[in-house]
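The values are calculated or read from the model by the stated rules, or taken from the named source; none is laboratory data. Since we're looking at a predicted model, the values are computed, not measured. Here Cβ is always computed from backbone atoms with ideal geometry, including for glycine, and neighbour counts include all displayed protein chains.
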Amino acid sequence: MLFEQSIANYLSLQPFEYINTEIAEDGKHRLLHLKSSNETEDVQCPFCNGQVHICGNYSMRLRDMPVYPGTRQNVEANYHRYRCQKCSRTFSEEIPFKYPQTRMTERAAS
Ligand SMILES: [Zn+2]
């Protein structure tokens, strides 16, 4: 579908890739699945710039701007949590399309 393709393109500009869209049987709920495509080797510790390894996989559901009238749309983003091999601190990957301090996408917030 053209529309899903445009969402996929928009979101794939970030280090997240589009997987698929789940549509509820009644057609009123759409859930877009995305996953982080960051390579662990490319991630550095924000505290000491050390190398990191993945210490967990999480997902966060964000309210998104509905595209079709009378529907709800959410985005489920799978992201990583990392642990620094040098200073042992942990941190989560940023979800760049998440509006700060909310559980919404930026375009839903605006
Ligand atoms: Zn560190």
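Number of residues in the stretch 6-36 that are loosely packed, with under 11 Cβ neighbours inside 10 Å and at pLDDT below 70: the value is 2.
Of all residues in the stretch 85-107, those being surrounded by 14 or more Cβ atoms within 10 Å (Cβ to Cβ) and touching a Phe, Trp or Tyr at 6+ places or on another chain (Cβ under 7 Å) number 6. Take the conditions (1) within 16 Å of the ligand (Cβ to nearest atom); (2) part of a loop (DSSP other than H, G, I, E, B); (3) over 25 Å from Gln101 (Cβ atoms); Gly27 misses just one of them, which is (1). Taken together, the residues in the stretch 46-95 that are part of a strand (DSSP E or B), under 15 Å from the mean Cα position of the chain (by Cα) and within 16 Å of the ligand (Cβ to nearest atom) amount to 3. The residue that is surrounded by the most Cβ atoms within 10 Å (Cβ to Cβ), among those in the stretch 48-71 that are closer than 16 Å to Glu106 by Cα and either aliphatic (A, V, I, L, M) or touching a His at 6+ places or on another chain (Cβ under 7 Å) (or both), is Leu62.
Considering only residues in the stretch 31-45 that are part of a strand (DSSP E or B) and touching a residue at least 40 places away in the same chain (Cβ under 8 Å), the one that is farthest from the ligand (Cβ to nearest atom) turns out to be Leu31.
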